[in-house]
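Below: the structure, in structure tokens.
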Amino acid sequence: MKLSRRTILQGASALPFAVASLRTSALAQGATAAPPAAEVPPILFVHGNGDYDALWMTTMWRMQSNGIPRERMFAINFTNPNARDDNSVEQANRSSTEDERRELAAAITELKRRTGAARIALVGSSRGGYVIRNVIKNGGAGDVSHAVLCGTPNHGVFAIDDLLGSEFNGRGAFLRGLNEGESEVTPGPAFLTLRSDGMDKYAQPDGRFIGRPGVPTNVTAEGPELRGATNLVLGALDHREVAFHPRAFREIFKFIAGREPDRIAITPESSVKLSGLVTGTPGGVPTNRPVDGATVEVFRVDPASGERQGAALYGAKTAADGRWGPVQADPTWPLEFVLTSPDAPTTHIYRSPFPRSSDVVHLRAARPLGPPDAGAGAVLIMSRPRGYFGLPRDVVLFDGKEPADVKPGVPTDSAATLRLSAAEAGRNVVVQFNEERIVARAWPAAENRIAIAELTY
């Protein structure tokens, strides 16, 4: 059977810590010893397919809470984060492996220049691990002290004789080139892989998560591991959580700093400053390209009701660079961001309090209202960018019920949709994911509005 031509890998909490199982290959290289705490290298974070730099916000907050200065960290924002269907064929608003290699190489050069460091550490989620390995293998090994690959499908999301042009095919030219040799890592940097113990949707032996149930992928839960690397299993975390979960943070920090972190919890600041970027979806493809002429407003909302507390804290229109902010806020305030972007619904984004400042609070308008929304008086989306909803693993409640569009078992869904009648438009809706709770308002769909409750953890 042939897999359909589609984008195979989509980019993309408060869970009990899973018990880790350390597995080091017999071929493990003589890794460079981690530096003392005072000499932790600068860290460059690399997002995955279809994603953006803002996913690393909580990780950077935890790093800062352990004494790593913000100016010693950078998270790249790839221009076109979605991979091509065929790596060798041009595709609008999508990137090749070489496109991403060039962007990451330039970011490494800039971070080294800015910090004066001879070598830096790289941390990548999913596809981000591909570009890290590609840079290191093709001339960049001397620039990198540590490489951490989180949920990277190093042996493919599938390994079949079809779709050989896909960079996610373990039998394709790209991954065969990266994995050639007795040791699968390039000498020099110290390599760590983090993976799930069976809960990663892109490391499954059956093709049901790529649209072909019953078709063997020839990939197992061990697919993210590499000969020559230190390979760590993080238990029942999902594909994204092995990068963004507090459990993953601990291992990332230990590997780079050479010691346990002083704390896992995020230390709040007394006052926070927030800013970010408005991005768009040209041709229906999510990109990290800036949007000119979008209006951003920010409101403080009541934590119990989601209702606005006073006038807007901020309001302005973006210029060609797509940037908005800054806005000052208290670390205890839940916030509503209202984004009015060209050719898109007015999007009301509800967020939990921000405990620390961030310049990567990025905003993207919701998808247009479509046929599935016909007749709905209000449309709300529950979104978890840094992980998936796992049932029965997690507490997931949308307006008091488990969402019908979240499948049980291996976590596969990072968003759920609630449609209310016209009579219910305007009321408040509670979103609960484990210990994180957001209250959003159901705005009238007749006014071309959509609400998103975006979870931070």
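The values are calculated or read from the model by the stated rules, or taken from the named source; none is laboratory data. Remember, predicted model here, so these are calculated numbers, not experimental data. Please note: Cβ atoms are built from the backbone with ideal geometry, for glycine as well, and neighbour counts cover all protein chains shown. To get the accessible areas, we keep the full protein, side chains included, count just its heavy atoms, and leave off ligands, DNA and RNA. Shrake-Rupley method; radii C 1.70, N 1.55, O 1.52, S 1.80 Å.
Run the numbers on region 400-439 and let me know its relative contact order in percent, using alpha-carbon pairs under 8 Å that are six or more apart.
On the way: 21 pairs, mean separation 11.2, N = 40.
Here the relative contact order equals 28 percent.
Highest-first packing order for the peptide set 333-344, 83-94, 263-274 is 333-344, 83-94, 263-274, based on the mean count of other beta carbon atoms within 10 Å. Close amide H contacts of residue 363 (hydrogens built in the peptide plane, cut-off under 5 Å, sequence separation of 5 or more or a different chain): 277, 278, 279.
Entry note, the chain: the mean residue ellipticity at 222 nm calculated from DSSP H runs of n ≥ 4, each adding -39500 (n - 2.57), is -4000 deg cm²/dmol after division by the residues and rounding to the nearest 500.
Seen from residue 416, the other residues with C-beta closer than 13 Å to its C-beta sum to a net charge of -2, counting Lys and Arg as +1 and Asp and Glu as -1. The heavy atoms of residue 52 offer some 40 square angstrom of accessible surface to a 1.4 angstrom probe. For region 342-405 versus region 78-144, the inter-centroid distance based on Cα atoms is 29 Å.
Please state the shape class of region 137-209: rounded when a/c is under 1.5, otherwise prolate if a/b exceeds b/c and oblate if not, all from the C-alpha gyration tensor. Working shown, then result.
Values: a/c = 2.77, a/b = 1.44, b/c = 1.92.
Oblate.
For region 329-457, DSSP calls about 70 percent of its internal beta bridges antiparallel. For region 255-286 versus region 149-206, the inter-centroid distance based on Cα atoms is 26 Å.
Overall form of region 315-457: oblate. Here a/c, set by the Cα gyration tensor axes a ≥ b ≥ c, is 1.5 or more, and a/b is not larger than b/c.
Here is the list for region 170-218: GluC sites (Glu not before Pro) lying in DSSP coil, each with at most 16 other C-beta atoms within 10 angstrom of its C-beta, are 180, 182.
Based on Cα contacts under 8 Å between residues 6+ apart, region 102-190 shows a relative contact order of 25 percent.
Highest-first packing order for the peptide set 245-256, 102-113, 367-378, 275-286 is 245-256, 275-286, 102-113, 367-378, based on the mean count of other beta carbon atoms within 10 Å. Considering only 310, 283, 296, the residue lying farthest towards the positive end of the dipole of region 280-319 is 283, judged by Cα position with unit charges set on Cβ. Among the chymotrypsin sites (Phe, Trp or Tyr not before Pro) in region 108-193, none sits in a DSSP loop with a Cβ that has at most 13 other Cβ atoms within 10 Å.
What size of dipole, in debye to the nearest 20, comes out for the chain about its Cα centre when the only charges are +1 on Lys and Arg C-beta atoms and -1 on Asp and Glu C-beta atoms? Could you put the intermediate results ahead of the total?
Details: 51 positive and 50 negative charges, 62 e Å.
Here the chain has a charge dipole of around 300 debye.
Take every DSSP beta bridge whose two residues both sit in the chain; close to 55 percent of them are antiparallel. Grab the other residues whose beta carbon is less than 15 angstrom from that of residue 444, score K and R as +1, D and E as -1, and report the net. In short, +1. Within region 74-216, antiparallel bridges make up roughly 5 percent of the DSSP beta bridges whose residues both belong there.
For semi-axes √(5λ) of the Cα gyration tensor in Å, the value computed from the atomic coordinates appears in the list (1) 40, 22, 20; (2) 41, 27, 26; (3) 34, 26, 21 under label (3). The Cα-based radius of gyration and maximum Cα-Cα distance (Dmax) for region 240-325 are 18.4, 47 Å.
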